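Sharing a structure below in structure tokens format, with a few things to ask.
The values are calculated or read from the model by the stated rules, or taken from the named source; none is laboratory data. Everything numeric in this text was worked out from a predicted model, so none of it was measured. Positions of Cβ are generated from backbone atoms using ideal geometry, with glycine treated the same way; all protein chains shown enter the neighbour counts.
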Amino acid sequence: MSALVEPFPTITIDRTRQLAHFPEGRPLADSLGDYLRKTEASIAGRPVAEMVTAIVPVYNTDPAMLHVALDSLLAQTMRPAYILLIDDGSDRLDTRAYLAAIDDSLLIDVLYNPRNISLGPTMNRALEACPTPFALKLDSDDVADPGLLAAFCDHLDGQPAPDVLGCQFTAFGESHFTTHHPRKVTRAHVVHSAGYWFMNHTGVILNRDSVRAVGGYRAMRGLPEDYDLWIRMMRAGHNRFVNLDESLVAYRDSPSALHRNFRRGIGRLRLIAAKASARLLPPF
């Protein structure tokens, strides 16, 4: 008996570069439709993390990268209760075409900002729509390990509820390194860490109530919104920041990555001011 042959070419992923390849000569909507139908069938019996919604903010992300990020969430051994993509007014045509093609999926919800409002307000809108007490934030060009959510849920089940729960990540692209953030973040880590480097901004679990208690994210173009949020949360007593020891996210370090802007000019001055505000934190 001859082997079964796919009637149409499928979407493939280059795991070395973490890029998806879409079949040439076939409408993107058809390829993604096949992918989603097969994925729905394959994950139907997996356990669900009922307390967690995965949030992916999108702005002009290359679909070849966005698909890998989304695929990594759908491949979780313990899948999120909901997956929410929120588009911050993308004007890149292929990004918009990708989002339109997955908009009717049973697995994914897509929200759209009517215009670009920056990451902070976009995350606030996503958290308002989040129906669960915790949100997993994953940047749209990064890749989650299949065991990421299961590891987070193991911690959530056995410990007091954290305000922010992270892990280590391993960078690829422009640099190659693995973070070594502290298991329990203290004031000393915040004040004396290099830059704002005690917690990753991607692949983190946010306690929705803790974030909303301080007014959520602020619009801070050119400055890491997450760092500003962390400091305000800590000032308000929401200081249970924990990192798992495992590296469970692949971080795509690109030439436009925000952390590179702090090595020069106004970005460095803004970082100095942000670090100064951290010194006002009470001990914890």
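Find all pairs meeting these conditions: Cβ atoms under 6 angstrom apart; at least six residues apart or on different chains; first residue within segment 173-189 and closer than 26 Å to L19 by Cα; second residue of a type in the set (K, R) and surrounded by 12 or more Cβ atoms within 10 Å (Cβ to Cβ).
G173/R252
Separate question: Quick check on my filter: what residues within segment 141-153 are surrounded by fewer than 23 Cβ atoms within 10 Å (Cβ to Cβ) and not in a loop (DSSP other than H, G, I, E, B)?
Residues satisfying the conditions are A150, A151, C153.
Do you know which residues across segment 101-115 are at pLDDT 95 or above and either in contact with a Ser or Thr (Cβ under 8 Å, 6 or more places away or on another chain) or closer than 19 Å to V68 by Cβ (or both)?
A101, I102, I108, V110, N113, listed by residue number.
Among the residues of segment 74-87, is any basic (K, R) and either surrounded by 21 or more Cβ atoms within 10 Å (Cβ to Cβ) or over 27 Å from A219 (Cα atoms) (or both)? Spell out how you get there, then give the answer.
Going residue by residue through segment 74-87, those that are basic (K, R) are 79.
Adding the requirement that they be either surrounded by 21 or more Cβ atoms within 10 Å (Cβ to Cβ) or over 27 Å from A219 (Cα atoms) (or both) leaves 79.
Yes, because at least one residue in segment 74-87 is basic (K, R) and either surrounded by 21 or more Cβ atoms within 10 Å (Cβ to Cβ) or over 27 Å from A219 (Cα atoms) (or both).
One line per residue, one yes/no per condition, for (1) surrounded by fewer than 20 Cβ atoms within 10 Å (Cβ to Cβ); (2) assigned to a loop (DSSP other than H, G, I, E, B):
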site	(1), (2)
D139	no, yes
F169	no, no
S175	yes, yes
H181	no, yes
R212	yes, no
Y217	no, yes
W230	no, no
G237	yes, yes
V242	no, no
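Then there is this: Of the conditions (1) modelled with pLDDT of 90 or more; (2) under 17 Å from the mean Cα position of the chain (by Cα), H259 clears all except one; give me its number.
Result: H259 passes all but (1).
Specify which of the listed residues (V204, V190) is over 28 Å from T77 (Cα atoms) and surrounded by 20 or more Cβ atoms within 10 Å (Cβ to Cβ). Please lay out each step first, then the result.
Numbers: V204 fails: over 28 Å from T77 (Cα atoms).
Among V204, V190, only V190 is over 28 Å from T77 (Cα atoms) and surrounded by 20 or more Cβ atoms within 10 Å (Cβ to Cβ).
Still on this structure: Do any residues in segment 9-38 that are within 17 Å of T61 (Cα to Cα) have Cβ atoms under 7 Å from those of residues that are among the polar types (S, T, N, Q) and surrounded by fewer than 17 Cβ atoms within 10 Å (Cβ to Cβ), where the two are at least six apart or on different chains, and which pairs are they?
Taking only residues 6 or more apart or on different chains, the pairs are H21/T12.
I've got another one for you. Of all helices (runs of 4 or more DSSP H) completely enclosed by segment 30-132, which ones contain at least 1 residues that are β-branched (V, I, T), in contact with a helix residue (DSSP H, G or I) (Cβ under 7 Å, 6 or more places away or on another chain) and closer than 20 Å to D142 by Cα? Show your work before the answer.
Working: elements: 63-74, 93-102, 119-129.
By residue number, 93-102.
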